[in-house]
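One structure is given below, encoded as structure tokens.
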Amino acid sequence: MINELHNLARTLDMKGVQIPEWHRKYKELPKVTPKSPCFRIWLDGQAAVCGIESLTSEHVSKLRKYGDNQSSFPAFNINSLYRIVDQKMIEKLEQFESRQLKLDIEEIKSWCSVNNWIKGVPGKVQRSLTERSKNLSEVIHLEGQSNNNIIAKLFELCQKNGKNAANRFRSSLENCAFEKLKKGEEIDAILVLLFHKGSAEKAHNKDTGNNISVILDVWDWQPYGYPIASENTTFQLNEMLLTDSDLNTPEMQSKQTDAFGTSFTNPNEPMPNVKLSGFDVTLRSMFDGQPSQHRYRRINDSSYPIAAANRSSIKRALEWISASSHRQVTWEKIDKNEMVFVYPSILPEIPPKFVSIFGQPPSEASKQTESRFESVAKEFSKTLRGLPTDQKPEMMQIFTIRKIDKARSKVIFTHNSTPKQLVQAAEDWSIGCHNIPRLDIGEPIIPFPLEIANIINAVWKQNGERADGKTSVTRMKYYQGMELLLDILPTNAIHNFLHIQIENTSGLVNYIGNKLHRGGSCDSNPESKRLDAQKTAVLRICSVLGLLLFKCNVRKEKYMEGLAYLLGQLLHVSDELHLLYCKVKRNGDIPPQLVGSALFISAGEMPYQALSQLATRMNPYISWAKQYRYGNNDKQGEESLRAGWLLRLFEQISNQIMPQMDRSIRFGDFEKAQLFIGYMASLPEMERSDKTIENTEIAGGMENGQ
């Protein structure tokens, strides 16, 4: 990660991009949600709480706090003051929150019996109010400046209550909360501050609710120009912290150099932390408990020395590339703990959406259409080619970061590619996904590379339901979809993923083939939606099968003449002929499984035996179709023409299969993929003609079961 980000930092420097520098201990506040709000806590001249104000998400995004998980300032986390578990109380509380009932202050006070400030919360609040505020005051040298600096004023207020600071803070916070309730102000937010809706089945120490973020402020802030909880004061405090840090002075006097040749003195502190979308990342974890570090006497920072100035530039580069405004341009989220990043060697004035060809945001990925990837790839190619010559990057750096556990993150994929290679890869991807014939169920859906893993890993039952449930299968990693796009995935890995796809999806392909060949409509709307979702899944599966075959130089122009594909088509024709027989001869009484579908699985394992069984089972339907097509009947219409067409197809495909069939033949994964595609592929167009088809005979070998 450090190497990739160091190169990005150089690219940004060359472009003159100015990135705000934040002190490494001055961190963002938690994201605001209805269950995890953020409150501004106003303190009066005696350091008592005199006002409570819930802050918007936009406001909170501009604020920061100094410290760590043990204590922080001027913001810190608390729990709701009290816990209730009685279901009747909870229901009534929710009615108060939604204004369905008028507030009963006395009843609410009667619920304040179970203190929810446990698990070290009082100690954390005490440390934040006293120790952390004192430490911060000493760091930025604001002692005795409370008359002209609001930050110093807040320090002074927090020191007034001494060892009793946490208790007085809680007591005055509760009193102020009830005063707001009496006035009918911010009822729902204040009730969240007062009560955690717990569960009687859980131990209290494991059920204290979500953290509530609070930030302290000075009630009489006007003489200072800005309050504490403001963007201006936040920047002011950050500048003070950076001025004090003296990042470069020690290195300038050192004879040692870091990994990039910069003068280096070991700062003996952790690498910076950056908050990404959904998880935090430490630029490099250095833990002396790992025995390998002791082998060469390179422990912690010394194992890979990075100067303070480079630490800062790398941190700012990651903050820049992961900014919310750069989504789909330089980054996209893969899942809750993984992200992909792309940046160019030269940053254009208006950067194209570099990440767009790898994947789409979840909100846009819900609608699957055939042209979705193609349109994105076309726009990507057009934008890159339209860049001015001096803004065209020579290389594109691609890498993914995954959060492994609470303390560690890792770059699991990194690759350099030229823009030309990316454009060509996108074009080949579209061609590969179209490496299949026309399908009855719809147009091919071209998945994005980051969607391939979900398609291949999905396990399906014989009844068309997912078999993996809540336990996800991860035989293919997300980044391997990008390797497949970029043609850097080893051939043996492609073979393996083809095997997994066949193994996981045979049940669904068989189920949907039988379902569609039987015809008819769903009885209910939920069943119809379920069938539509299954059809979509099969379309994506067929596209992936076509792509994997394409990557192995197996083209549809050739495999559509092969034994496996033709056998799949023969099973399809058999289903159609069986269905027509049931409609005409049995008055529409169709069995749960048609004859071709019944032999689909065995055809993939023992094709010769399956073909023999098919010949035997199809004899009565073939004989009927001959009589129905050419006999004297009153229904010389569409059904009669269809019977003749299916008979002719059965004969033609049989004649193509028989010379290729041998008792010793077994299908591998490539042949099974072609069998799947052949079974789902549309049959040749029916030739509509009033001419009688004469001398139509079914291959003798098929009738004899050979």
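What follows is calculated from the coordinates using simple rules that are stated; it is not laboratory data. In this text the structure is predicted, and so the values were computed from the model without any measurement. Cβ coordinates were reconstructed from backbone atoms using ideal geometry, including for glycine residues, and neighbour counts include every protein chain displayed.
At-a-glance table
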{"quantity": "Net charge dipole size for the stretch 331-557 [Lys, Arg +1 and Asp, Glu -1 on Cβ; Debye, nearest 20]", "calculated": "480"}
{"quantity": "Additional length obtainable on full extension of the chain from LYS626 to THR474, 0.36 nm per residue less Cα span", "calculated": "49.6 nm"}
{"quantity": "Inter-centroid distance (Cα atoms) of the stretch 220-244 relative to the stretch 503-568, Å", "calculated": "62"}
{"quantity": "Check: the chain dipole with +1 on Lys, Arg Cβ and -1 on Asp, Glu Cβ, in debye", "calculated": "1200"}
{"quantity": "Volume per residue of the C-alpha convex hull in the chain, rounded to whole Å³", "calculated": "230"}
{"quantity": "FRET E, pair GLN145, LYS62, Förster distance 22 Å, beta-carbon r, rounded to 0.05", "calculated": "0.35"}
{"quantity": "Extension gain (nm, one decimal) between ASP244 and THR383, 0.36 nm per residue minus Cα-Cα", "calculated": "45.6 nm"}
{"quantity": "Label-point separation, ASN268 to SER113 (7 Å along Cα→Cβ), nm", "calculated": "5.4"}
{"quantity": "Spin-label pair LYS461/LYS529, simplified geometry with 7 Å Cα→Cβ offset, distance in nm", "calculated": "2.0"}
{"quantity": "Signed unit charges on C-beta, dipole axis of the chain, positive-most listed residue MET606, PHE341, VAL139", "calculated": "VAL139"}
{"quantity": "Computed FRET value (nearest 0.05) for ASN416 with SER664, which takes r as the C-beta separation and R₀ as 51 Å", "calculated": "0.60"}
{"quantity": "For the stretch 1-131: rounded, prolate or oblate by the Cα gyration tensor [a/c cutoff 1.5]", "calculated": "prolate"}
{"quantity": "Sites matching GluC sites (Glu not before Pro) across the stretch 99-174 that sit in DSSP coil, with at most 15 neighbouring C-beta atoms within 10 Å", "calculated": "GLU143"}
{"quantity": "Cα Rg, Dmax (largest Cα-Cα span) when computed across the stretch 425-584, Å", "calculated": "16.4, 54"}
{"quantity": "Rounded to 10°, Cα long-axis angle of helix 563-585 versus longest principal axis of the chain", "calculated": "70"}
{"quantity": "Pairs from LYS535/LYS556; LYS336/LYS470; LYS134/LYS160; LYS25/LYS134 whose Cα-Cα separation, in the structure shown, is over 19 Å", "calculated": "LYS535/LYS556"}
{"quantity": "0 to 90° range, to nearest 10: angle between helix 308-321 axis and the chain longest Cα axis", "calculated": "50"}
{"quantity": "Structure-based [θ]222 nm, the chain - -39500 (n - 2.57) summed over DSSP H runs of at least 4, per residue, nearest 500", "calculated": "-14000 deg cm²/dmol"}
{"quantity": "Alpha carbon convex hull of the stretch 375-518, projected area averaged over orientations, nm²", "calculated": "11.4"}
{"quantity": "GluC sites (Glu not before Pro) restricted to DSSP loop in the stretch 186-239 with at most 15 other C-beta within 10 Å", "calculated": "GLU201"}
{"quantity": "Equivalent-ellipsoid semi-axes of the stretch 534-575, from the Cα gyration tensor, Å, largest first", "calculated": "19, 17, 5"}
{"quantity": "Under 16 Å from the ASN553 label point (7 Å along Cα→beta-carbon), backbone N, the stretch 397-428", "calculated": "none"}
{"quantity": "Principal axis box of the stretch 485-547, alpha-carbon based, largest edge first, Å", "calculated": "47, 19, 15"}
{"quantity": "Listed peptides 622-628, 490-496, 23-29 by packing density, highest first (mean Cβ within 10 Å)", "calculated": "23-29, 622-628, 490-496"}
{"quantity": "Formal net charge of residues neighbouring THR208 (Cβ-Cβ distance under 12 Å; K, R +1; D, E -1)", "calculated": "+4"}
{"quantity": "For the stretch 310-440, Kirkwood radius (reciprocal of mean inverse C-alpha pair distance, Å)", "calculated": "16.2"}
{"quantity": "Helix axis angle, 669-680 relative to the chain longest principal axis, alpha carbon, degrees", "calculated": "80"}
{"quantity": "Whole-Hz couplings from phi, Karplus 6.51/-1.76/1.60, listed for the stretch 396-412; x for Gly and Pro", "calculated": "10, 8, 10, 8, 10, 10, 10, 7, 7, 8, 4, 9, 10, 9, 8, 7, 9"}
{"quantity": "R0 of 45 Å, Cβ-Cβ distance ASN3-ASN210: FRET efficiency to nearest 0.05", "calculated": "0.75"}
{"quantity": "Over the stretch 31-243, volume per residue of the alpha carbon convex hull, in Å³", "calculated": "119"}
